[in-house]
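Read the structure below first, then the notes.
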Amino acid sequence: MGVFVYPGSFDPVTRGHMDIIDRAAVLCDKLIVAVLTNRSKTPAFSMAERLDLLRTAIGDRPNVEIRSFDGLLVHFMENEGAKTIVKGLRAVSDFEYEMQMALINKHLDPTIETLFMMADAKYSFLSSSAVRELARHGGQVDDFVPAGTASVILAKYDRS
Ligand code: PNS
């Protein structure tokens, strides 16, 4: 229980993210979806756009909050009084990077745990970058992004 944080770029949010959000939210008192202000790689969607898409997707789920953060995740966690990081794993290819992050975060703050959830098999191939690629080339994204967000995502690429 307690406060869980689900961090990511959410550039943009996908149905895979929503699956993890729904499954994690029932395991905690409060789930904070934490959107990284990404300084090293320029996101396709601005912070305001990514937050808006998440608001549309998450709607009125009572124990889910959306925040942005900058800097280290463990510092954000400490400020929020959160002890658990939630991450989704799609395939073995996600494992190495996620293990490195989990171990670095554990080193930085040994009181913080990372909880991994296996992505639903029907989303195991899905990524924000695949959604961007589809949208850029006028492909259908409806099946991959939350209800109400497809038109905004396509509009970004003048494909609405
Ligand atoms: O959706 P993403 O891009 O895979 O999310 C990556 C994220 C935001 C979880 C990760 O980059 C992160 O936690 N960044 C914050 C900086 C940090 O704390 N890094 C860990 C120590 S190097």
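The values are calculated or read from the model by the stated rules, or taken from the named source; none is laboratory data. On a predicted model such as this, the values are computed, not experimentally measured, just so you know. Cβ atoms come from the backbone with ideal geometry, glycine included; neighbour counts cover every protein chain shown.
Structural remarks
- Summed over segment 109-137, the residues that are part of a helix (DSSP H, G or I) and either in contact (Cβ under 8 Å) with a residue 40 or more places away in the chain or within 15 Å of the ligand (Cβ to nearest atom) (or both) give a count of 6.
- Answer from Gly71, Gly88 - the residue that is touching an Asp or Glu at 6+ places or on another chain (Cβ under 9 Å) and of a type in the set (Gly, Ala, Ser): Gly88
- Taking segment 43-72 as the range and being within 15 Å of Ser9 (Cβ to Cβ) and touching a Leu at 6+ places or on another chain (Cβ under 8 Å) as the test, the residues that pass are Phe45, Ile66, Ser68, Phe69, Asp70.
- Selection within segment 48-72: residues that are part of a helix (DSSP H, G or I) and β-branched (Val, Ile, Thr). The member of this set that is farthest from the ligand (Cβ to nearest atom) is Thr56.
- Number of residues in segment 62-96 that are over 21 Å from His107 (Cβ atoms) and either among the charged types (D, E, K, R) or at pLDDT 95 or above (or both) equals 9.
- Segment 27-56: number of residues that are surrounded by fewer than 19 Cβ atoms within 10 Å (Cβ to Cβ) and within 13 Å of Leu115 (Cβ to Cβ): 1
- Considering residues of segment 73-89 that are of a type outside the set (A, V, I, L, M, F, W, C) and away from the ligand (no atom under 11 Å from the Cβ) only, the residue nearest to the chain's Cα centre (by Cα): Thr84
- Residue within segment 98-108 that is under 20 Å from Ile21 (Cβ atoms), more than 9 Å from the ligand (Cβ to nearest atom), assigned to a helix (DSSP H, G or I) and without any contact (Cβ under 8 Å) to a residue 60 or more places away in the chain present: yes
- From Thr84, Thr149, residue being closer than 24 Å to Arg15 by Cβ, polar (S, T, N, Q), touching a strand residue (DSSP E or B) at 6+ places or on another chain (Cβ under 9 Å) and buried (at least 18 other Cβ atoms within 10 Å of the Cβ): Thr84
- Annotation: of all residues in segment 1-26 being touching a strand residue (DSSP E or B) at 6+ places or on another chain (Cβ under 8 Å) and among the hydrophobic types (A, V, I, L, M, F, W, C), the one that is nearest to Tyr123 (Cα to Cα) is Ile20.
- Some residue of segment 35-45 being in contact (Cβ under 8 Å) with a residue 12 or more places away in the chain and within 12 Å of the chain's Cα centre (by Cα): yes
- Residue list for segment 11-40, filter: near the ligand (Cβ under 9 Å from one of its atoms), assigned to a loop (DSSP other than H, G, I, E, B) and within 12 Å of Ser128 (Cβ to Cβ): Asp11, Asn38
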